[in-house]
Amino acid sequence: MLLKAFLVALVAGLCKIDNRIFGMTMIQRPLIVGTLVGFIYGDPVAGMMFGAQFELLSMGLVGIGAHSGMPEITLGSALCTAFTLGSGTGMEVALTLALPISAFGTTIGYLTWVPLNHILSERSKKAAEVADTRTMEICQWLGLFNYFFFPFLVVLVGMLAGAPLFEMLIEVIPEFITSGISVASSMLPALGFALLMQLIYTRKLAPYLFIGFVAVALVGLSNVGVAIVGGILAILVFNNSETQSKEVSVDVNEI
Amino acid sequence: MSTKSESKKIVKKDLISLFWRAFLLPACYSMDRMQAPGFAYSILPVLKKLYGDDKEKLAEACSRHSEVYNNTFACSPFVLGIVAAMEEEACANPDFDVNSINAIKVALMGPLSGIGDTFFWGTFRIIGSGIGVSLAMQGNLLGPILFLIIYNIPNFLVRYYGVQYGYKLGTNSIETLVSGGLMNRATTAAAVMGLTVIGGMIASMVSVNIALVANFGQDVTLNVQSIFDDICPKILPLGLTFLIYRFLKKGVKATWIMVGIIVLGIVGKFFGIL
């Protein structure tokens, strides 16, 4: 148990610094985190399938400036995948808990790595003024350490304290709530897509969304098929916009 | 360093070092100055090479790059390349206005992160996770692997070629890119692809099923879901997505919408509507 808790925390910590040193490779996303935690529990497929569910729910929760208070879904998915695989049950409950737990992770962040990195950032600026390049580099690496260490710690504590609590919880929750949550979780991806639409949707581009919709709903294309159609459309739009490039632009202010 | 080679100090090796250091760029992120320490960290080797023997100028340059900076991570190497070229010019030419370096940085931050987010979060990630999730749901371990591959090929290409292209652009003229409308066209094309895929995924991944069957006496029943299916399959998920989009536009917080959906699910199940 202790070893598993340590490994899950390690996975969470490493996936959490995805943006900080690996160049945002998306290992921070629930689909990857879930699969990795699955390996720890000897069932990567089950971990992956839980991760895929949570990936859908959190589709719109992305690390963009305006969303900086976003839930720490990396931590949430690591913990909840471990909970559901550890207890062998309660997937719906884990799925529901994943977002509140992720939100709690954000709060922890505001209390730990956020203020600490603020101090480092100020220190680095002072060092820059006197060309103390060594201190500047140290600040940068310490910042990375904060981003790894605190998520690691949070998940470690969460694993040791949370797992027994989780098993207790699934016993007491009545059936209609868990099945209601499972109904809700099949609707929740809509929120994700709506959040994404905020990023790129304009009335002028609306037809493309409907083309994609019709291609799947009526024609029955797969996701790969739609991606190919989208790619072709993108090339067409790019080629045809040569003369009127000023008119079609995405309003960045809408984000 | 001899004064002879002053006009061309930055070589390919330096650009590669910028490429690597850009990975650590967001590590010391803070809420107010954002990626500023990281930008200074990443550009350091170039500054050291250019101003190495002049402590005062180095300090000046370090401070210059400790000003607020924020960008989509994958776009930063491109900016680093441009800045490297401008610093090189500033070092060689005493008349060069160093304020223009930060002016360009600031001017690029807004549009580049807008474009970067559209491409990386809104297009590549959506396509990657769309394909990845649908495979994963069938229990196929290729799902997460494909997700990473689809997303990261453009990610690393943009990083690697970004720094070199940025450097070339910085030595010639940056205006051509900004005013040429190329960035706008590319962003629109990315948005088109992203939206097409989102439209498809609304149909394949959101599901709203109405369990309610209205009963009018004896054998006359009305299955609500099948009526909607007759109009157009998946019309309910589409409607729900646009409804949520309207709420978001009106400023309703995503968290509250989420809570609302969960409550709706539980209440709906309790009364047998959903």
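The values are calculated or read from the model by the stated rules, or taken from the named source; none is laboratory data. Model, not experiment: these values are computed from the prediction. Ideal geometry is used to build each Cβ from the backbone, glycine not excepted, and the neighbour counts take in all protein chains shown.
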If you go through the stretch A:70-108, how many residues are more than 21 Å from A:G180 (Cβ to Cβ) and in a helix (DSSP H, G or I)?
15
Cβ-Cβ under 8 Å pairs, at least 6 apart or on other chains, the stretch B:145-164 side without any contact (Cβ under 8 Å) to a residue 24 or more places away in the chain, far side among the β-branched types (V, I, T):
B:L146/B:I131; B:F147/A:I32; B:F147/B:I131; B:F147/B:V133; B:L148/A:T25; B:L148/A:I27; B:L148/A:I32; B:N152/A:T25
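Listed here are the residues, each with its yes/no results for (1) at pLDDT 90 or above; (2) under 26 Å from B:P26 (Cα atoms); (3) facing chain B (nearest Cβ under 9 Å).
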| site | (1), (2), (3) |
| --- | --- |
| A:G13 | yes, yes, no |
| A:I40 | yes, no, no |
| A:D43 | yes, no, no |
| A:F50 | yes, no, no |
| A:G60 | no, yes, yes |
| A:S68 | no, yes, yes |
| A:T74 | yes, yes, no |
Could you go through the stretch B:214-232 and let me know if any residue there is of a type in the set (A, V, I, L, M) and under 27 Å from A:L199 (Cα atoms).
no
Counting only residues that are within 7 Å of chain A (Cβ to nearest Cβ) and exposed (fewer than 15 other Cβ atoms within 10 Å of the Cβ), the stretch B:186-232 contains a total of 1
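Could you tell me whether any residue of the stretch B:126-143 is buried (at least 18 other Cβ atoms within 10 Å of the Cβ), farther than 22 Å from A:N223 by Cβ and either out of contact with any Asp or Glu (no Cβ under 7 Å at 6 or more places or on another chain) or without any contact (Cβ under 8 Å) to a residue 40 or more places away in the chain (or both)?
Among the residues of the stretch B:126-143, not one is buried (at least 18 other Cβ atoms within 10 Å of the Cβ), farther than 22 Å from A:N223 by Cβ and either out of contact with any Asp or Glu (no Cβ under 7 Å at 6 or more places or on another chain) or without any contact (Cβ under 8 Å) to a residue 40 or more places away in the chain (or both), which makes the answer no.
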Of everything in the stretch B:247-262, what is surrounded by 13 or more Cβ atoms within 10 Å (Cβ to Cβ), more than 7 Å from every other protein chain (Cβ to nearest Cβ) and not in a loop (DSSP other than H, G, I, E, B)? Give them in sequence order.
B:F247, B:K249, B:T255, B:V259, B:G260
In the stretch A:94-106, residue modelled with the lowest pLDDT [restricted to those that are crowded, with 22+ Cβ neighbours inside 10 Å and among the β-branched types (V, I, T)]:
A:T96
B:A22: small (G, A, S), touching a residue at least 40 places away in the same chain (Cβ under 8 Å) and assigned by TED's automatic domain parsing to the domain that holds B:M109, yes or no?
yes
Of A:F39, A:F6, the only residue that is under 23 Å from A:F145 (Cβ atoms), surrounded by fewer than 24 Cβ atoms within 10 Å (Cβ to Cβ) and among the hydrophobic types (A, V, I, L, M, F, W, C) is A:F6
Suppose we keep only residues that are buried (at least 21 other Cβ atoms within 10 Å of the Cβ) and of a type in the set (A, V, I, L, M) within the stretch B:30-57. Which one would you say is nearest to A:L199 (Cα to Cα)?
B:A36
Log entry, pairs with first residue in the stretch B:221-232 being within 13 Å of B:I210 (Cβ to Cβ), second being among the aromatic types (F, W, Y) and part of a strand (DSSP E or B), beta carbons closer than 8 Å, six or more apart or on different chains, reads B:L222/B:F216
Which one is surrounded by the fewest Cβ atoms within 10 Å (Cβ to Cβ) among residues in the stretch A:124-147 that are touching a Cys at 6+ places or on another chain (Cβ under 6 Å) and not hydrophobic (A, V, I, L, M, F, W, C)?
A:Q140
Would you please name the residue that is farthest from A:T96 (Cα to Cα), looking only at residues in the stretch B:233-246 that are of a type in the set (A, V, I, L, M, F, W, C) and facing chain A (nearest Cβ under 7 Å)?
B:L238
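Residue-by-condition table, conditions (1) in a helix (DSSP H, G or I); (2) in contact (Cβ under 8 Å) with a residue 24 or more places away in the chain:
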site: B:A189; (1), (2): yes, no
site: B:G194; (1), (2): yes, yes
site: B:I198; (1), (2): yes, yes
site: B:M201; (1), (2): yes, yes
site: B:Y245; (1), (2): yes, no
site: B:K269; (1), (2): yes, no
site: B:I273; (1), (2): no, yes
I'd like the full set of residues that are within 19 Å of the chain's Cα centre (by Cα) and within 7 Å of chain A (Cβ to nearest Cβ), limited to the stretch B:133-149.
B:F147, B:L148
The lone exception for B:F73 - which of (1) modelled with pLDDT under 95; (2) crowded, with 24+ Cβ neighbours inside 10 Å; (3) more than 7 Å from chain A (Cβ to nearest Cβ) it fails:
(3)
What do you reckon, is B:V83 touching a residue at least 60 places away in the same chain (Cβ under 8 Å) and surrounded by 24 or more Cβ atoms within 10 Å (Cβ to Cβ)?
yes
Among the numbered conditions (1) of a type outside the set (A, V, I, L, M, F, W, C); (2) buried (at least 24 other Cβ atoms within 10 Å of the Cβ); (3) under 21 Å from A:D18 (Cα atoms), tell me where B:P154 comes up short.
(2)
Show the residue pairs meeting these rules: Cβ distance below 8 Å; 6+ apart or different chains; first residue within the stretch A:185-198 and modelled with pLDDT of 85 or more; second residue among the polar types (S, T, N, Q) and part of a helix (DSSP H, G or I).
A:A190/B:T241; A:F193/B:T241; A:A194/B:T241; A:M197/B:T241
